[in-house]
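Student: Dumping the structure here so I can ask a few things about it.
The values are calculated or read from the model by the stated rules, or taken from the named source; none is laboratory data. It should be emphasised that the depicted structure is a prediction, and the values quoted were computed from it without experimental measurement. So basically every Cβ, Gly included, is an ideal-geometry build from the backbone, and we count neighbours across all protein chains shown. We work out accessible area using only protein heavy atoms, side chains counted, and drop any ligands, DNA or RNA first. Shrake-Rupley method; radii C 1.70, N 1.55, O 1.52, S 1.80 Å.
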Amino acid sequence: MVRDGLAWHEDRSLRERAGIVVAFSERTGGLSGPPYASLNLAAHVGDEPDAVDENRRRFLDALDLADRRDRLTCAQQVHGAAVRIVQPRDAGRGAHAAGGVSPVPETDALVTTQAGIPLMLLYADCVPVVVVAERARAVAVAHAGWRGLAAGVVRNAVAALRSATSPDEDLVAYVGPHIGPCCYEVGPEVVSQFANKFVTIRRASAVLDLGAAAAEELESSGVPRERQCHLGICTAHNTERFFSYRAEGRTGRHAALACIVA
Ligand SMILES: [Zn+2]
C-alpha cells in the first residue's frame, strides 16, 4: 500500500475482520537524508532524532494510528531470545527518538493482549516475524536474525503468545522482508549450527536461508505452513525499498508493527 509516497505491506482483511493491524514498512516517504533515506524508524543508528520522530509519525498516520503515537512501544534489540509481555505500564517505552522513556531493555520479542499499544521492532536484513492470535486478540512481534533464530526467539515468542492466551489458540504468522539466501553468505560454522537445528538447512552450503529456518521454527512451534504468510522479498536485493545492513553498512531501519486497534 502507498500513501503520500510512504509504502508499506499490511493485511487489510485482518484489520477489517478482527481489528488487528499487522504492517511492514518500506523506506520511502520519510524525511531522513543519506544514509538513512528516507523513512528510517530507528533511534539508535545515528540519524537525527527529530527526523526519526517525524518518520514514525508519518508511518503511524498512514496506518490510521496517529492517536496512538505516544503509546508506541519499542525494544532495545540485542539479537537475543528474550520476550516481554507488554503491559499498560510499558506503553510508550522508546516511543520518541528525541527524549522520553527508554525502550524495553534487551528484548527481541514483544507480546501484548492490550488494545491500543502499537508494538514496533526494527530491521535491516533480520527476519521480522509477527504472530497473531485472532480469536483471543493478542499479537507478538519478533526480531530474528541468525543469532536470534539459533537462540530460539521465534519459539519463545510463540510460547509467550500462547501463555498470554490459551494453549490451543489457532495462530497465524506473517514473515516480513529480510535478507534472502541469494545475498546471505555466512561462514561454515553458522551453517553447521543451523543444519544441526533445522532439517531444511543444508550443511554443504555457503549461504543461509533465514526464511526457511523461521518457517521451520514456526511450524515446530505449532504454526503450520498454511497459516504462515511470507512476503518473500530480499532486503539486500531491494535497497531502493528496504534498508540492508549487509548491502549498505551504515543505514536506517524499517519496521514490523502490530497493534490491536478495536
Ligand atoms: Zn537477495
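Student: Among residues belonging to the stretch 25-75 that are part of a helix (DSSP H, G or I) and free of Cβ contacts under 8 Å to residues at least 12 places away in the same chain, point out the one that is least open to solvent (accessible area, probe 1.4 Å).
Tutor: Ranking the qualifying residues of the stretch 25-75, first place goes to ALA66.
Student: To continue, here is another question. Within the stretch 3-16, can you find the residues that are open to solvent by 50 Å² or more (accessible area, probe 1.4 Å) and either closer than 19 Å to CYS234 by Cα or touching a residue at least 24 places away in the same chain (Cβ under 8 Å) (or both)?
Tutor: ARG3, ASP4
Student: Now a separate question. Here is a list of conditions, (1) more than 16 Å from the ligand (Cβ to nearest atom); (2) open to solvent by 10 Å² or more (accessible area, probe 1.4 Å); (3) charged (D, E, K, R), and ARG246 meets all of them except one; can you say which number that is?
Tutor: It fails just one condition, (1).
Student: State whether the residues of the stretch 148-168 include one that is within 16 Å of the ligand (Cβ to nearest atom) and buried (at least 19 other Cβ atoms within 10 Å of the Cβ).
Tutor: no
Student: Collect the residues in the stretch 136-159 that are part of a helix (DSSP H, G or I) and not small (Gly, Ala, Ser), keeping them in residue-number order.
Tutor: Within the stretch 136-159, TRP146, ARG147, LEU149, VAL153, VAL154, ARG155, ASN156, VAL158 qualify.
Student: Identify, please: which residue in the stretch 227-242 is within 14 Å of the ligand (Cβ to nearest atom) and touching a Gly at 6+ places or on another chain (Cβ under 9 Å) and is, among those, most open to solvent (accessible area, probe 1.4 Å)?
Tutor: HIS237
Student: Which of the residues that make up the stretch 182-226 are open to solvent by 90 Å² or more (accessible area, probe 1.4 Å) and either among the charged types (D, E, K, R) or at positive phi (or both)?
Tutor: Once the filter is applied, which keeps residues that are open to solvent by 90 Å² or more (accessible area, probe 1.4 Å) and either among the charged types (D, E, K, R) or at positive phi (or both), the stretch 182-226 yields GLU185, GLU189, ARG202, ARG203, ARG225, GLU226.
Student: Open to solvent by less than 40 Å² (accessible area, probe 1.4 Å), β-branched (Val, Ile, Thr) and outside any strand (DSSP E or B) - does that describe any residue in the stretch 91-104?
Tutor: For the stretch 91-104, residues open to solvent by less than 40 Å² (accessible area, probe 1.4 Å), β-branched (Val, Ile, Thr) and outside any strand (DSSP E or B): absent.
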